[in-house]
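For reference, the structure is listed below as structure tokens.
The values are calculated or read from the model by the stated rules, or taken from the named source; none is laboratory data. Here the structure is a predicted model, which is why all the values come from computation and not from measurement. Note: ideal-geometry Cβ built from the backbone for every residue, glycine included; neighbour counts use all protein chains shown.
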């Protein structure tokens, strides 16, 4: 079932959009059951809603209150990019035709014959409103192209059954959400308690690190700093070594780690990030994709109490895009020293 929150919006002002190209700016090839092939030949910038039936169906005409199954394709008229394509799911979505539907989308679904494929060009005020939908890639003031295909109209009995199933699914989702929130609150309570008990630094036995590892200097009250002089160039592979071997339990994927850490680009003079500079330990889920892959792959299986050095190649760090805010380029190797103080 397609979420109505994606397809409805609160009423907004009646500001006039600038006059421009409507559906004549777009070439569309449509075939029932297949995603449309859309070519934005010019910027789509209609001053009012324009509608064109690309394929006329021979079924019953739809009206407000009907429950239909439909495919919906949405494109951003400003940057000419696809932002929604329900054809990818392989089957049409169930959708109730309500007054709150986006005006542009309503034109493509209400008052159309079942089996039809309809194109609708809509200015921003008749699409997603003044605020747009940034989460969908639609900015403030962007015009929108809707292509709708009405596959079927549900009978009254089928619609009632579908609505009952939707209500049941909504209740189950709400229940699951509450359970997740309860579990998260319980986990946070455990994490907070563990933070209070956690030592200030790694507590295991000192061990000799691997030969590739840079020297890292720890001074009380200061942020640790790496010295890369004399170290071999990065291999392009994930490398992990211990400075202190902990004797606590092994870290498991899905746990929340309590750590102190410092991160530095290989060859740089100063760290780009550090929990020490915030004078507080960091906590985060490990092994579940919440941090860079290099952390997930290197810290799971380590023992609590350990101090490890992790050298992470770009593809397991911030990728080709890097992290401009941290001064990390797309081809930078990043190095971390991590004290694992607890795992919950």
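For residue 177, state whether it is without any contact (Cβ under 8 Å) to a residue 24 or more places away in the chain, in contact with a strand residue (DSSP E or B) (Cβ under 9 Å, 6 or more places away or on another chain) and not in a loop (DSSP other than H, G, I, E, B). Talk me through it step by step, then tell me what you get.
Numbers: without any contact (Cβ under 8 Å) to a residue 24 or more places away in the chain: yes; in contact with a strand residue (DSSP E or B) (Cβ under 9 Å, 6 or more places away or on another chain): no; not in a loop (DSSP other than H, G, I, E, B): yes.
Taking the combined requirement at face value, the residue does not satisfy it.
Here residue 267 clears all of (1) assigned to a strand (DSSP E or B); (2) closer than 24 Å to residue 325 by Cα except the condition numbered (1). I'm trying to understand the selection: among the residues of segment 304-328, which are surrounded by fewer than 19 Cβ atoms within 10 Å (Cβ to Cβ) and either at pLDDT 95 or above or outside any loop (DSSP other than H, G, I, E, B) (or both)? Within segment 304-328, 315, 323, 324, 325, 326 meet the criteria.
Of the residues making up segment 138-168, those that are surrounded by 17 or more Cβ atoms within 10 Å (Cβ to Cβ) and over 21 Å from residue 70 (Cα atoms) number 4. For residue 140, the requirement of being on the phi < 0 side of the Ramachandran plot, without any contact (Cβ under 8 Å) to a residue 24 or more places away in the chain and in the same structural domain as residue 114 (by TED's automatic domain parsing) is met. Of all residues in segment 279-296, one or more are surrounded by fewer than 22 Cβ atoms within 10 Å (Cβ to Cβ), more than 18 Å from residue 203 (Cα to Cα), over 29 Å from the mean Cα position of the chain (by Cα) and modelled with pLDDT under 95. Among the residues making up segment 201-223, those that are in a loop (DSSP other than H, G, I, E, B) and touching a strand residue (DSSP E or B) at 6+ places or on another chain (Cβ under 8 Å) are 201, 202, 203, 204, 207, 209, 210, 212, 213, 214, 223.
Here are 48, 80: which of them is farther than 23 Å from residue 97 by Cβ and either at pLDDT 95 or above or assigned to a loop (DSSP other than H, G, I, E, B) (or both)? Answer to the selection: 80.
Among the criteria (1) in contact (Cβ under 8 Å) with a residue 12 or more places away in the chain; (2) within 24 Å of residue 40 (Cβ to Cβ), the one residue 95 does not fulfil is (2).
Here the condition is being closer than 30 Å to residue 166 by Cα and surrounded by fewer than 21 Cβ atoms within 10 Å (Cβ to Cβ); of 29, 60, 37, it holds for 60 alone. Among the residues examined, residue 289 qualifies as out of contact with any strand residue (DSSP E or B) (no Cβ under 8 Å at 6 or more places or on another chain) and assigned to a loop (DSSP other than H, G, I, E, B). Residue 141 meets the stated requirement of being over 30 Å from residue 160 (Cβ atoms) and either within 22 Å of the chain's Cα centre (by Cα) or in a loop (DSSP other than H, G, I, E, B) (or both).
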